[in-house]
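K.L.:
The following block contains the structure, expressed as structure tokens.
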Amino acid sequence: QLLLAIVAAGSPSLSTTDESVIGIAWTNLKVDIKDRTILKVYPGEAKPGRLLGILGPSGSGKTTLLNCLAQSVPKVKRQEIYGNVALSDGSKPKLTEGQVAYLSQEDSFFGSLTVKETLKVAATLQAPNATEKDREKTIDYLLDTLSLTHVKNSQIGSAKKRGISGGERRRLSLARELLGNPKILIADEPTTGLDSYQAQHVVRLLKRVAVQKNIPVTVTLHQPRSSVWNMLDDVLILTPNGKPAYHGTKDGALKYFSRLGYRCPVFMNPSEYLIDIVSADLENPSKKIEGLHRIETLEKEFAKFSKKQRKSTIPAETSLRKKNVDILAAPEKEKTPWASDKPLAKNSLIYVNPHKQNPLFSRISSSFGRIGCLFRRAITQNCRDWSVLATRVLAYGGLAKVYTSVLRANCPADSVGSLPDKICLLTFGTISMAQLSLIKSLMLFATERSTVERERARGQYSALEYVISKLVAELPVDTFFGLLYAYVLHANSEFNMPRGKFLSVFALLSGLGTTLGLAVGAAVPSGEAALVTGPVLMVVFTALGIINPSGARPPASGDSENSGKNPKDSQTEAERKKKDKKMYSPTGLATCPVILRPFKLCSPIKWGIEAILCSEFRSLKLKRDLREAPRMGALALVSSGDMALEALGLGDQTTGNCLNAMGRILVGQIAFSVAAMSATRPKFADLGTQFLNETRELEKWELESAKHKLSM
Ligand SMILES: Nc1ncnc2c1ncn2[C@@H]1O[C@H](COP(=O)(O)OP(=O)(O)O)[C@@H](O)[C@H]1O
Ligand SMILES: [Mg+2]
């Protein structure tokens, strides 16, 4: 019996008998977060061909309800969801299968792309197997029907750069959602931030989608204007407690509330009136009590009404359903202003879930298709804005020129006096290179993050595909700037090392900065957090990686080219080295706490500095100059590059070793980015594992309010 009850409670059923018409239904739905109920609604449905408006004050659970319908409630700690949602064909609505078109409250786009390019990327990601011609046809058709043709070649723009208007952005979002063939469409506050005309235009389009595609369209509206209210077919009104005060036809709403004694004044916007009666004035103590009592009464009245309604067949329901069937039979006869001559049901692309494709060949070929598409998008986003590129050229070249002018970079390479300036220049140069690439990578990732999350929630590509395309697009550009910076540094200084070697160390450093940015961006939960974490991590890497020249070990008296030939000498030499290691540690490895050692070994700054110093000083003959001693301390006493390296604690270090370590860190950071992105993929809570016993809930509720009355 219990099993039967669970099965009965757990399978939401639609009253529609027509198989081809798909609606969405839900059982009792309840969402608790940290023991607070944020949503609790009774069994209901969104009917095909109709526009359902979910109305309620802010915080009443509208977005939560939409997330339940799309089975995309974000997983959070201490969250419990009761109830289930199903389409009338028995399947579960899923974002990842292209069944749900979900227009979220915030539009997220790549601002440098044009309207048409955005749709092209979306079409390729959704339907990698469709032909180019089919995609083009679908896109042109949607641009036309959603009145976007005149802006198809305009850049979308961003918060910092003007682009298309707010209404056009919303319509572009809608076009992107309609590329596939969704079975339901839901939109979270699609009119917020739009002027009256644009808001009406967007809702009219949503209504057209409902009628012509004959699918249920559900929208949340904070406070719709009367023109928007008039376009709704059904409404669900939520109270601030997340409970319904009404769910049914729009026309029935006013009748229902006037029966309860709340009659909407003739010249008032009905939606405004209804939202007012389900809201409480929390500022005014006396009004607050009255408001909370009114809300509780309305919730209870509707609980009873809803139960009765589900027990009997309501005449209004039947006529409503008849109307649906009529719409289905002859949609073109609909003489409403939103029904245009071009039906929206045509020209949809078939959505392909990349994770469910079977034959290996088609998986690989569509994977390449997606990487290519993401690559083109990343290149466009990175390189379209010439003013940004020109500023970057000036900034990188200028910074290198500043360093070489401030430090005595043009001292002859073989003079001891050049050592401190060279060490300083190379250290600063290395740190800045990694820092610049890191910041750029973090900023870029922060701007595209929301779009990428939207696409990943729909399962449109894997973390590996994204990382590959991003690196293939960005690394060459960043390397170019790294090389430019290094070229200016080298050209304005007297270095011993060949230019090629110098440039390659900097190219590698720039790559390390970029991949570190990607790794941090992938691992932390938001773009803002990444912008804070990344530079802090780089400062730690810098602190652990720099060489402190004042810690340089003075060469012992035996230090010269022929030292160490006598075995006795070498024994004393080894002892001395051991002792010195404790006293002088310019690289800081000996004094670094054990817990920080792994960070030190992963520091791109450490290996970068060591690589460049080894390349510059190894086997270099220096002219000793004791006049420099007061300024340079121990370093004035060296007579060769090798001795200088020894003094800096890099006696055994080689350039090859450092480049090897840098290569390994690069690969490690890329692998970490892929792993972190896979781990942080948007995760949704499961619906349909727990159910509420409605009768028992209602009884419990009545008992509680009776107790409450007694205590008053
Ligand atoms: N992750 C969460 N943790 C805690 N409270 C949440 C969380 N998500 C939503 N809420 C709360 O649930 C309530 C309903 O939220 P929401 O569905 O976004 O409302 P609406 O869309 O109607 O403004 C709000 O009071 C909000 O503070
Ligand atoms: Mg909301």
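K.L.:
Which numbered condition trips up Lys207, out of (1) closer than 15 Å to Gly53 by Cα; (2) in contact with an Asp or Glu (Cβ under 9 Å, 6 or more places away or on another chain); (3) not in a helix (DSSP H, G or I)?
P.N.:
Going through (1) closer than 15 Å to Gly53 by Cα; (2) in contact with an Asp or Glu (Cβ under 9 Å, 6 or more places away or on another chain); (3) not in a helix (DSSP H, G or I) one by one, Lys207 breaks only (3).
K.L.:
Among the numbered conditions (1) assigned by TED's automatic domain parsing to the domain that holds Lys243; (2) open to solvent by 10 Å² or more (accessible area, probe 1.4 Å); (3) under 20 Å from the mean Cα position of the chain (by Cα), tell me where Tyr82 comes up short.
P.N.:
(3)
K.L.:
Then there's this: Do we have Leu626 as open to solvent by 70 Å² or more (accessible area, probe 1.4 Å) and either at pLDDT 90 or above or assigned by TED's automatic domain parsing to the domain that holds Thr655 (or both) here?
P.N.:
Numbers: open to solvent by 70 Å² or more (accessible area, probe 1.4 Å): yes; either at pLDDT 90 or above or assigned by TED's automatic domain parsing to the domain that holds Thr655 (or both): yes.
Yes; evaluated as a whole, the condition is true for this residue.
Let's see how each residue does on (1) buried (at least 20 other Cβ atoms within 10 Å of the Cβ); (2) touching a residue at least 40 places away in the same chain (Cβ under 8 Å); (3) part of a loop (DSSP other than H, G, I, E, B):
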position	(1), (2), (3)
Ala123	yes, yes, no
Asn129	no, yes, yes
Asp134	no, yes, no
Lys137	no, yes, no
Leu143	yes, no, no
His150	no, no, no
Ser158	no, yes, yes
Lys161	no, yes, yes
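K.L.:
So, one more: Name every residue in region 163-193 that is assigned to a loop (DSSP other than H, G, I, E, B), within 16 Å of ligand 2 (Cβ to nearest atom) and either modelled with pLDDT of 90 or more or in contact with a helix residue (DSSP H, G or I) (Cβ under 7 Å, 6 or more places away or on another chain) (or both), in order of residue number. Steps first, answer last, please.
P.N.:
Keep residues of region 163-193 that are assigned to a loop (DSSP other than H, G, I, E, B), which gives 163-165, 179-183, 189-193.
From what is left, the residues that are within 16 Å of ligand 2 (Cβ to nearest atom) are 189-193.
Those that are assigned to a loop (DSSP other than H, G, I, E, B), within 16 Å of ligand 2 (Cβ to nearest atom) and either modelled with pLDDT of 90 or more or in contact with a helix residue (DSSP H, G or I) (Cβ under 7 Å, 6 or more places away or on another chain) (or both): Glu189, Pro190, Thr191, Gly193.
K.L.:
Restricting to region 632-669, name every residue that is open to solvent by less than 30 Å² (accessible area, probe 1.4 Å), assigned to a helix (DSSP H, G or I) and of a type outside the set (A, V, I, L, M, F, W, C). Can you show your working first?
P.N.:
Residues of region 632-669 open to solvent by less than 30 Å² (accessible area, probe 1.4 Å): 632, 634-636, 638-641, 643-645, 647-648, 650-651, 653, 655, 658, 661-663, 665, 669.
After this cut, where a residue has to be assigned to a helix (DSSP H, G or I) as well, the list is 632, 634-636, 641, 643-645, 647, 655, 658, 661-663, 665, 669.
Residues satisfying the conditions are Gly641, Thr655, Gly663, Gln669.
K.L.:
Scan region 264-314 for residues that are of a type in the set (Asp, Glu) and not in a helix (DSSP H, G or I) and report the count.
P.N.:
2
K.L.:
A follow-up question, please. Of the conditions (1) out of contact with any helix residue (DSSP H, G or I) (no Cβ under 8 Å at 6 or more places or on another chain); (2) near ligand 1 (Cβ under 9 Å from one of its atoms), Pro74 clears all except one; give me its number.
P.N.:
Just one mismatch for Pro74, condition (1).
One line per residue, one yes/no per condition, for (1) in contact (Cβ under 8 Å) with a residue 40 or more places away in the chain; (2) not assigned by TED's automatic domain parsing to the domain that holds Val536; (3) not small (Gly, Ala, Ser):
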{"site": "Met433", "(1), (2), (3)": "yes, no, yes"}
{"site": "Leu436", "(1), (2), (3)": "yes, no, yes"}
{"site": "Thr447", "(1), (2), (3)": "yes, no, yes"}
{"site": "Ser450", "(1), (2), (3)": "yes, no, no"}
{"site": "Leu464", "(1), (2), (3)": "yes, no, yes"}
{"site": "Ala491", "(1), (2), (3)": "no, no, no"}
{"site": "Arg499", "(1), (2), (3)": "no, no, yes"}
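K.L.:
Then there is this: Quick one: count up the residues across region 37-69 that are within 7 Å of ligand 1 (Cβ to nearest atom) and open to solvent by 20 Å² or more (accessible area, probe 1.4 Å).
P.N.:
Adding up the residues that qualify gives 5.
K.L.:
Keeping to region 45-86, report how many residues are within 16 Å of ligand 2 (Cβ to nearest atom) and not polar (S, T, N, Q). Lay out the reasoning, then the answer.
P.N.:
Our first condition is that a residue be within 16 Å of ligand 2 (Cβ to nearest atom); within region 45-86, this holds for 52-70, 72-74, 76.
Among the residues that remain, those that are also not polar (S, T, N, Q) are: 52-57, 59, 61-62, 65-66, 68-70, 73-74, 76.
Residues in region 45-86 being within 16 Å of ligand 2 (Cβ to nearest atom) and not polar (S, T, N, Q): 17 in total.
The values are calculated or read from the model by the stated rules, or taken from the named source; none is laboratory data. All values reported here derive from a predicted model rather than from experimental measurement. All Cβ positions, glycine included, derive from the backbone under ideal geometry; neighbour counts span all protein chains shown. For accessibility, only protein heavy atoms count, side chains too; no ligands or nucleic acids. Shrake-Rupley method; radii C 1.70, N 1.55, O 1.52, S 1.80 Å.
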